[in-house]
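In what follows, a single structure is set out as structure tokens and then discussed.
Nothing in this text is a laboratory measurement; each read-out follows from the coordinates by a stated rule. Note that the structure is predicted; figures quoted are calculated from it, not measured.
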Amino acid sequence: MKVIEVEGVHPTLDEIMNLAKSETVVLRNADGSVFALTNIDDSELEVELLKNNPEFMALLKQLAQEGPAISLQDLRKELGLMPARKRRRRLSKRKTTG
């Protein structure tokens, strides 16, 4: 990590970005404010954008409060799958006879 005291030093944005390609750059202003610049990939950018999107966060909160829309048992019925207990018994029989 590279810490740059900004008071009296005026690096260009290009210089700071070049440093941030290989390590996090922390800029400290004379008034005590601190900023960090770090290299991120597309997925990290997407996460940051979504975390700072109030509409998306409200949607997540709403979905979390609603709970599951369908139970696992009902989903199995809907898809024509056997219940998990019967499936386990069937699989264990295969192992003992196989």
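What are the equivalent ellipsoid semi-axes of the chain, built from the alpha-carbon gyration tensor (square roots of five times its eigenvalues), in whole angstrom, biggest first?
55, 21, 11
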- Query: Of Lys21, Lys61, Lys77, which is the most mobile in a GNM of the chain whose springs link Cα atoms less than 10 angstrom apart?
  - Reply: Lys77
- Message: Amide H of Thr24 versus every other amide H placed in the peptide plane: which residues, excluding those fewer than 5 positions away on the same chain, fall under 5 Å?
- Response: Lys2
